[in-house]
Amino acid sequence: MRILQVSNGYPPRAFGGVETHTQRLARVLHRKGHTVRIFTRHSDPEGSDGDILEEVVDDLAVTSVVNDARGGQFRDHFLSTAVATAFRQEIRKTRPDIVHFQHLIGLSGDLPMIARDAGIRCVATVHEYWYACHRVMLQREDLTPCEGPLQRDCVACVSGEAASAAEPSEAGRIRTRLAQLLPWSPARAAGPLVADERFQTLRQALDTYDRIVTPSKFVIEELHRQGMPMPTLSTRAIALGLPTPSKEATLSRTEPISESHPLRITFIGHLLPHKGPHILLEALQELHDLPLRLALHGRRWEQHPYEAQLGPLLREEPRARAYGIFADEALPEILARTDALVVPSTCPESFGLATREAMLAGRPVISTNCGALPESIRQEQDGLLVPGEDPKALAAALRRLVEEEGLLARLSEGARSAPIASMEHYADAIEGFLYA
């Protein structure tokens, strides 16, 4: 089968949950005998929107189009003539049997309709909430949760009016400015007609897909609540598969926690507010008497206003170190050097890829109970769940790992027995449902 995978980015030019998952699935499908191509985007400040780069990654043909939304309008963030033109060229040239849309952010919301009009079957993995929420993670400009449905007030959210009204103080204005500069934020405000156009375009995209999978039941329920219901018979929640780690990577520590052998905890993800690294660092301040060490792995946005909050916390905590971006191949080694993963997210996570990766390696997870994370973590069996945005509760859970005899070993053993599909089994499920 000729399969075109469409993603908002692709390694090695982009690293993130969706990008990494797309690469993993493409590799497995290729090994299973399918002809797999990638259509994606990248940024190029010196290029022009619509410029096309053809390359080969892991023996797979990758077509990447430049799209930096240089027009600066809200509409440019969900519809792009340049991307649509490049996509038409791609499907005319390669004639795929099926187009599997992993993500459309940074591309163009009309690509599914273009493929359908060309007589090509379209399916999708809906990884999170972008179809309903322009900010992806259901948080307002001031980083407070959006209660939805979004059609009522997304215009105010884009323009910053909601944040200004809710929090007019100087601190609130700083938080609003911080939120406006998040990577997915549009550069200019949207009017009601454009906001409605976005909603209708992406609603139509969902209706265009023959079949849809999501990584969790929570995503289906939340999109339904946000006014984006998906057909019951053609939508299924299938947890993402993961590469099988080596036996060596799953070995747990044997020595007791002490000053010479501290508890090793790890954070994996973008160092941005919705991922909550500041919550974790604040929790460490409550644990100054305990032997522990924190490694943070993920992109650090040093020019981002959030750095004004994160930077001092890192400098004041000698037990913490930020290591930056890492390649997918480095993950087993990172997990081999940790005792537990910490997920302090403040947003409603749609799956928790790092959570499953840690448990597959026999590492328990200490996490907030936001979004779909409780679907992945069995409380007191393979991890501990705490309320979101509560450093003291997170600190109490970490203290238990150090002071409660046998807890770390018990949770580690539970993590090893967690029901997690391999990437091969996941590909079988995708073939059997999406591609059937």
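The values are calculated or read from the model by the stated rules, or taken from the named source; none is laboratory data. Predicted model, so just to flag it, every value in this text is computed and none were measured. Please note: Cβ atoms are built from the backbone with ideal geometry, for glycine as well, and neighbour counts cover all protein chains shown.
The single condition among (1) surrounded by fewer than 21 Cβ atoms within 10 Å (Cβ to Cβ); (2) farther than 27 Å from Val126 by Cα that Gln379 does not meet is (2). Please go through the range 411-424 and pick out each residue that is surrounded by fewer than 15 Cβ atoms within 10 Å (Cβ to Cβ) and either in contact with a Pro (Cβ under 7 Å, 6 or more places away or on another chain) or not in a loop (DSSP other than H, G, I, E, B) (or both). Matches in the range 411-424: Glu413, Ser422, Glu424. If you check Arg356, Arg400, Arg363 for being in contact with a helix residue (DSSP H, G or I) (Cβ under 9 Å, 6 or more places away or on another chain), buried (at least 18 other Cβ atoms within 10 Å of the Cβ), assigned to a helix (DSSP H, G or I) and among the charged types (D, E, K, R), only one passes: Arg356. Across the range 42-99, the number of residues qualifying as in contact with an Asp or Glu (Cβ under 9 Å, 6 or more places away or on another chain), of a type in the set (D, E, K, R) and at pLDDT 95 or above comes to 1. Of the residues screened, Arg399 is one that is more than 27 Å from Leu138 (Cβ to Cβ), at pLDDT 95 or above and not aromatic (Phe, Trp, Tyr).
Residues considered: Arg253, Arg299. Of these, the only one that is among the basic types (Lys, Arg) and either within 20 Å of Gly352 (Cβ to Cβ) or crowded, with 17+ Cβ neighbours inside 10 Å (or both) is Arg299.
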